[in-house]
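The values are calculated or read from the model by the stated rules, or taken from the named source; none is laboratory data. The structure presented is a predicted model; accordingly, all values stated were derived computationally and were not measured. No Cβ is skipped: glycine too gets one built from the backbone with ideal geometry, and neighbour counts run over all protein chains shown. Only protein heavy atoms, including side chains, enter the accessible area calculation; ligands, DNA and RNA are left aside. Shrake-Rupley method; radii C 1.70, N 1.55, O 1.52, S 1.80 Å.
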Amino acid sequence: MKAVITVVGRDTVGVVAKISGVCAQLNINIQDVTQSILQEMFCMIMLVDMSRCTQDTAQVRLQLDELAQSMGMEIHLTRQEVFDAMHRI
């Protein structure tokens, strides 16, 4: 299963390392990533492959939610087919 992870919040040191660390810990493969800093806001979109993930989607979301809260950022996980359907309408 492929998914899209989006990250938005105030730029801070270690954002990419923390998020990619969670992905590595859960055996989620990052296939593509784009990021930019708009004034003081950090924005990132990652396309990931979750086919070998060690946790179910609910657990992944929970870990990303905890990370987002600790960093004061918004992190969302959306399955690619849902993401594609939302943007087709």
For residue 17, all conditions in the list (1) within 17 Å of residue 81 (Cα to Cα); (2) without any contact (Cβ under 8 Å) to a residue 24 or more places away in the chain; (3) not in a strand (DSSP E or B) hold save one; what is the number of the exception? (1)
Pull out all pairs, ordered by first then second residue, where Cβ-Cβ is under 6 Å, the residues are six or more apart or on different chains, the first lies in the range 58-77 and is touching a residue at least 24 places away in the same chain (Cβ under 8 Å), and the second is open to solvent by 30 Å² or more (accessible area, probe 1.4 Å) and assigned to a helix (DSSP H, G or I). 77/61
Looking at the range 27-49, which of its residues are at pLDDT 95 or above and not in a strand (DSSP E or B)? 27, 28
The range 4-29: number of residues that are touching an Asp or Glu at 6+ places or on another chain (Cβ under 8 Å) and not polar (S, T, N, Q): 6
From the set of residues in the range 13-71 that are of a type in the set (Val, Ile, Thr) and open to solvent by less than 50 Å² (accessible area, probe 1.4 Å), which is farthest from residue 1 (Cα to Cα)? 15
Within the range 44-72, the count of residues that are under 20 Å from residue 33 (Cβ atoms), more than 11 Å from the chain's Cα centre (by Cα) and not hydroxyl-bearing (Ser, Thr, Tyr) comes to 5
